[in-house]
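Okay, so here's the structure we're looking at.
The values are calculated or read from the model by the stated rules, or taken from the named source; none is laboratory data. Keep in mind the model is a prediction, meaning the values are calculated, not measured. No Cβ is skipped: glycine too gets one built from the backbone with ideal geometry, and neighbour counts run over all protein chains shown.
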Amino acid sequence: MSQGPDTLYREAAAQFGPALQRLARATEADADRRRDLLQDMHVALWRSFAGFDGRCALSTWVYRVAHNVAADHVARETRRRRPLVGLDEIADLPAAEAEDAAGALARLMALIRRLKMPDRQIVLLYLEDLDAAAIAAIVGLTPGAVAARISRAKTQLAKLNQEGQHD
């Protein structure tokens, strides 16, 4: 490895910063907790580069670290028994046809937050335009298992969206 940890972190933060923000937004509904989560992701990423040996792609490393931090965050929130998005909040969101782009994105993120963590991670990586093989390397599944989970998650999201429009 020719680059030091600080250089690798700066490169990763510049290249993947927007993806980390999207992951934080999809993981945490509360703005203050979302900022804390994003900061936790950056700290974990910076610390992780001390052990980065280049055996995987930089993107794989970054996504794996960030998704692990997000999974830990969700687990902590679940233990606190505080719902990330309440059903009443989802019901208050307007129908998809009447939403502008920002509203549609907020609704999608609210629906994604209702998925179980492994499926949530896979969907978010899929939305980052990663293929099944890249997602598999990050989450530790086979590409076939990832493809199956993506298909099931799409069906589940469509069902949740449909239910939300009829409530």
Some residue of the stretch 42-57 being assigned to a helix (DSSP H, G or I) and within 18 Å of residue 135 (Cβ to Cβ): no
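For (1) of a type in the set (S, T, N, Q); (2) at pLDDT 60 or above; (3) within 21 Å of residue 19 (Cβ to Cβ); (4) in a helix (DSSP H, G or I), each residue gets a yes or a no:
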site: 84; (1), (2), (3), (4): no, no, yes, no
site: 89; (1), (2), (3), (4): no, no, no, yes
site: 106; (1), (2), (3), (4): no, yes, yes, yes
site: 110; (1), (2), (3), (4): no, yes, yes, yes
site: 115; (1), (2), (3), (4): no, yes, yes, no
site: 118; (1), (2), (3), (4): no, yes, yes, yes
site: 123; (1), (2), (3), (4): no, yes, yes, yes
site: 129; (1), (2), (3), (4): no, yes, yes, no
